[in-house]
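Step one of this worksheet: look at the structure below.
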Amino acid sequence: MRKISFLFIVVLLSIGHVQLFAQETESDTVSQDYAVPVSYRASETRYFDLLHTDLAVSFDWEKERLIGTAKLSLKPYFYAQEDLTLDAKAMAIQSVMLLDSQGGTKKLTYDYDGSEIQIRLDRIYERTDTLELAIDYIAKPNELPAGGSEAITEDKGLYFINADGKDPNKPQQIWTQGETEASSVWFPTIDAPNERCTQSIAMTVQDKFNTLSNGILTSQKDNGDGTRTDRWVLDIPHAPYLFMMSVGEYAVIRDQWRGISVSYHVEKKYEADAQAIFGHTPEMMEFFSEKLGVDYPWPKYDQVVVRDYVSGAMENTTASVFMEGLQVQEKELLDFNWDDIIAHELFHQWFGDYVTCESWSNLTLNEGFASYSEYLWNEYKYGVDEADYNLLNDREAYLDEAEEESKDLIRFYYEDREDMFDTHSYNKGAAVIHMLRNYLGDEAFFAGLNLYLTQNALSSVEINDLRMAFEEVSGEDLNWFFDQWFFFPGHPEIMVSETYENDTLTLLVQQVQGDDSPVYKLPLFVEIWSEGKSANYPIILEEAVETYEFALTKEPELVVFDTERQLLGTVTHAKSPEALAFQMTHSRSFQSRLEVVESLDEITDKKLIQQILTQALQDPHYIIQEFALDYMIEKEIKPKKYQALLDQAYTHESSNVRSYVISYLAETDFEENQDKIVAALDDPSFLVQSTAMTFLLRNGETVSEELVQIFSKETNINVVLAMSEYYLTRTGEASFQWFADKAMVVDDEALYFLLQVYSEKLVNASEVRRKEAVVLYSDIARNHPTYFTRLAAYQGLVLMSDLDGVNDLLDEIKAGEKDERLQAYYEQF
């Protein structure tokens, strides 16, 4: 599972274009207060072993229900049993039958409370016995009480999209979402992560629809009535929360890896773009298979994009589901790519599907590794700087969450299992794995992962299984590492001070983290540059306060604590401006270079600033160049001394850098640079084009009507934001209609901003137009799947509360809102 939080969109320079920092964050969870007793969250006790699930399902689109028969094969796990409890939420149970080997049936009695079926068996069954059940049922997901979390916004398991087909801007779809325990909304099962079974699913649908499920499509039967029954089979056991179905009209793009089918399912208008979006998948499969020494373990791999998804993506076995944001034009991929989320879900096929956490308390064994796959892929495909940049972003997201509430990484006490889907399980988990790799070395690290996967293949695991695999490979007792990082909250907070006297460099290192955190054992390196040469010194911190001395004939130019910048924590280490300038020139670490450009505001020496900026504008990573350009815009630094470097940046391969250069040229001297800004309208990147368009409009320049019409049709977020500024200043009904029309077709994050600009425009609109907008805003505020978009719509309605009936409408929306964050916000009104 990967959750994308679009509230972490950063608007750059207030010029209308954005960068998406896709943070894997599920923060704002329920506070874990140990003063209030919370039950120990044990792994699910296994009374039965679920061997096989055979489903036959059809769909009632009008009522948004599933009509199904579930045939379950089970046996007592160890102790003899005379009754069986199955998870089955919000269903109408029509019958429960016992099947015998001759095809006979026996009706069984049962009790059903809307959540579980308690079945009385016909006799006592021993662990050597196998029983076969057939359950006829109707799944009614819309009757399930509202639930969910920030990570997974709803938990009703089965979703009908545009069920009546009346929305012309949205396809008809059905899809499922099983994690954490929502598969039992659409079929009776033992809905626990430490359960595994094989499966087959027969789906009856109208002929126009494609189907997708786990495993292989083994047959398609024409029913002669405009419907078809597709049968999907997976004969390798996996956890019930990983079962999936999707139904819709898709273009299916076929690919392969080592003869294994790899397919990309997208809406038909994105058929030509799918290969560009997902095309790295076979290369990822090869890379991960080689790196782990365990080949991709399933018979095929599909990826499908669905509408109104309740999370970022989900790693269903052999068939990952993704949010609609992945459907973009190939041109948009010049500004960003979706490799991180694609790699994340693919890596889950090993870590989560092949080897599964036995309880949600151990979730980081799934999500920490999937998050770390993003580092591995970026390191391999785009270089270590890009990998370090993304890992640093994830660390910062974790540190922000930890500042609000610090928790154990392995948590056996929590209010709700959904609380586990936070930046601790994801981001901290990945950072801890990175430190373990750094400590063990690559050879031992990947040998340990191979042993972990092979020893625990097709089973459920806890954190000690991982530790023991690494101990067996390395020969070292690693309890010290696992205890401090997985079973204590927090992280090291380190203060470093340096003095040089009597030919001796002295480092005073203090761990100052709170009492809830341990004093960490931290093996790391200190890099010392002296007389133009560097040396790395290994140290191991084990005490709260430690002093290290180094004999040097001259005062060092630079000291870098934690040379490899692999430590998860905070380090306060004051450096002189001269040392920072030296660090910019000599450090090999992305984080070290970023540290320097982030410190520019603290430097007053103009020569040092010029030295740092000159280096930064030539830096191999685009983010360093962006920081430099951002600083130059803020400080209104003229281009004279940097003109050659700016000319290079104007044609940089990164569209982010090119867009920053356009911003710089426009901010420093628009008239002088107008030709270059106009020329950027022909740039292949939407980001660069929208930046140029924004500055031309702000400076009162006329843009051709042809270009306005072309841009007005686009749904790319950067172009939409630029054009919303254009239409904000235009009069006439056509300008209002553009906002209303665009709101129906843009995705979540674009809609969030669009609604805010439209609200500003509506202040001076006619009463008729405002009343029409009330209908649009109220529908979004009630029904949109993302809470921040509902918030933007609600705020827009507040601005129209002078209209009759709007205050009553606001009260209705507030009363019907289930999200606790919005409930708290709405109370302010």
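The values are calculated or read from the model by the stated rules, or taken from the named source; none is laboratory data. Computed from a predicted structure; not experimentally measured. We place every Cβ from the backbone using ideal geometry, glycine too, and count neighbours over all the protein chains shown.
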Within the range 256-271, the residues that are touching a helix residue (DSSP H, G or I) at 6+ places or on another chain (Cβ under 7 Å) and hydrophobic (A, V, I, L, M, F, W, C) are 257, 262, 266
Of the residues in the range 805-829, how many are in a loop (DSSP other than H, G, I, E, B), surrounded by fewer than 13 Cβ atoms within 10 Å (Cβ to Cβ) and within 32 Å of the chain's Cα centre (by Cα)?
2
Could you pull out every one of the strands (runs of 3 or more DSSP E) wholly within the range 214-261 that has 2 or more residues that are more than 27 Å from the chain's Cα centre (by Cα)?
216-222, 227-238
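In the set 178, 165, 215, which member is on the phi > 0 side of the Ramachandran plot, touching a Leu at 6+ places or on another chain (Cβ under 9 Å) and not β-branched (Val, Ile, Thr)?
Details: 178 fails: on the phi > 0 side of the Ramachandran plot; 165 fails: touching a Leu at 6+ places or on another chain (Cβ under 9 Å).
None of the others qualify; the one that does is 215.
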Check on residue 202, under 28 Å from the mean Cα position of the chain (by Cα), hydrophobic (A, V, I, L, M, F, W, C) and closer than 30 Å to residue 457 by Cα:
no
If a residue has to be out of contact with any strand residue (DSSP E or B) (no Cβ under 9 Å at 6 or more places or on another chain) and buried (at least 17 other Cβ atoms within 10 Å of the Cβ) to count, how many in the range 255-275 make the cut?
0
Give the residue, chosen from 328, 252, that is buried (at least 20 other Cβ atoms within 10 Å of the Cβ) and either under 29 Å from residue 685 (Cα atoms) or aliphatic (A, V, I, L, M) (or both).
328
Residue 195: over 14 Å from residue 318 (Cβ atoms), within 24 Å of the chain's Cα centre (by Cα) and surrounded by fewer than 24 Cβ atoms within 10 Å (Cβ to Cβ), yes or no?
no
Using the structure shown, decide if residue 587 is in contact with a helix residue (DSSP H, G or I) (Cβ under 8 Å, 6 or more places away or on another chain) and buried (at least 19 other Cβ atoms within 10 Å of the Cβ).
yes
Has the range 321-342 got at least one residue that is in contact with a Lys or Arg (Cβ under 6 Å, 6 or more places away or on another chain), acidic (Asp, Glu) and more than 26 Å from residue 218 (Cα to Cα)?
yes
Could you list all residues from the range 114-139 that are out of contact with any Ser or Thr (no Cβ under 9 Å at 6 or more places or on another chain) and closer than 15 Å to residue 74 by Cα?
121, 122, 123, 124, 125, 126, 127, 128, 129
Regarding residue 268, is this residue of a type in the set (D, E, K, R), under 22 Å from residue 217 (Cα atoms) and in contact (Cβ under 8 Å) with a residue 12 or more places away in the chain?
yes
Can you confirm whether the range 473-494 contains a residue that is closer than 25 Å to residue 358 by Cβ, of a type in the set (Asp, Glu), out of contact with any Phe, Trp or Tyr (no Cβ under 6 Å at 6 or more places or on another chain) and not in a loop (DSSP other than H, G, I, E, B)?
yes
Looking only at residues that are among the aromatic types (Phe, Trp, Tyr), in contact (Cβ under 8 Å) with a residue 60 or more places away in the chain and out of contact with any Asp or Glu (no Cβ under 7 Å at 6 or more places or on another chain) in the range 282-311, which one is nearest to residue 344 (Cα to Cα)?
288
Suppose the filter is within 25 Å of residue 813 (Cβ to Cβ) and without any contact (Cβ under 8 Å) to a residue 60 or more places away in the chain; does residue 759 pass it?
yes
With 623, 603 as the choices, which residue is in the same structural domain as residue 529 (by TED's automatic domain parsing), under 30 Å from residue 382 (Cα atoms) and among the aliphatic types (A, V, I, L, M)?
623
Restricted to the range 464-488 and to residues being buried (at least 19 other Cβ atoms within 10 Å of the Cβ) and in contact (Cβ under 8 Å) with a residue 60 or more places away in the chain, the residue nearest to residue 425 (Cα to Cα) is 486
Turns out the strands (runs of 3 or more DSSP E) fully within the range 501-551 with at least 1 residues that are in contact with a Phe, Trp or Tyr (Cβ under 6 Å, 6 or more places away or on another chain) and under 24 Å from residue 586 (Cβ atoms) are 504-511, 522-530, 533-541
Strands (runs of 3 or more DSSP E) contained entirely in the range 78-164, each with at least 3 residues that are more than 30 Å from residue 323 (Cα to Cα)
81-87, 91-99, 105-107, 110-112, 116-125, 131-139
Counting only residues that are assigned to a helix (DSSP H, G or I), within 30 Å of residue 745 (Cβ to Cβ) and of a type in the set (Ser, Thr, Tyr), the range 280-338 contains a total of 1
Looking only at the range 84-125, count every residue that is surrounded by 15 or more Cβ atoms within 10 Å (Cβ to Cβ) and acidic (Asp, Glu) and tell me the total.
2
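Residue-wise test of (1) in contact (Cβ under 8 Å) with a residue 24 or more places away in the chain; (2) farther than 18 Å from residue 566 by Cα.
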site: 363; (1), (2): yes, yes
site: 379; (1), (2): no, no
site: 421; (1), (2): yes, yes
site: 433; (1), (2): yes, no
site: 442; (1), (2): no, no
site: 451; (1), (2): no, yes
Being among the small types (Gly, Ala, Ser) and closer than 19 Å to residue 89 by Cα is the filter here; which residues of the range 101-127 pass it?
114, 115
Provide a single number: the residues in the range 763-779 that are buried (at least 17 other Cβ atoms within 10 Å of the Cβ) and within 32 Å of the chain's Cα centre (by Cα).
3
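Residues are listed down the side, and each one gets a yes or a no for (1) in the same structural domain as residue 458 (by TED's automatic domain parsing); (2) within 30 Å of residue 359 (Cα to Cα); (3) of a type in the set (Val, Ile, Thr); (4) in contact with an Asp or Glu (Cβ under 7 Å, 6 or more places away or on another chain):
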position	(1), (2), (3), (4)
195	no, yes, no, no
199	no, yes, no, no
218	no, no, yes, no
223	no, no, no, no
229	no, no, yes, no
239	no, yes, no, yes
271	no, no, no, no
275	no, no, no, no
280	no, no, no, yes
Whichever residue in the range 633-672 is closer than 27 Å to residue 336 by Cα, in contact with a helix residue (DSSP H, G or I) (Cβ under 8 Å, 6 or more places away or on another chain) and among the charged types (D, E, K, R) and, among such residues, is surrounded by the most Cβ atoms within 10 Å (Cβ to Cβ)
658
Since residue 359 meets every condition but one in (1) farther than 24 Å from residue 416 by Cα; (2) among the polar types (S, T, N, Q); (3) surrounded by fewer than 24 Cβ atoms within 10 Å (Cβ to Cβ), which condition does it not meet?
(1)
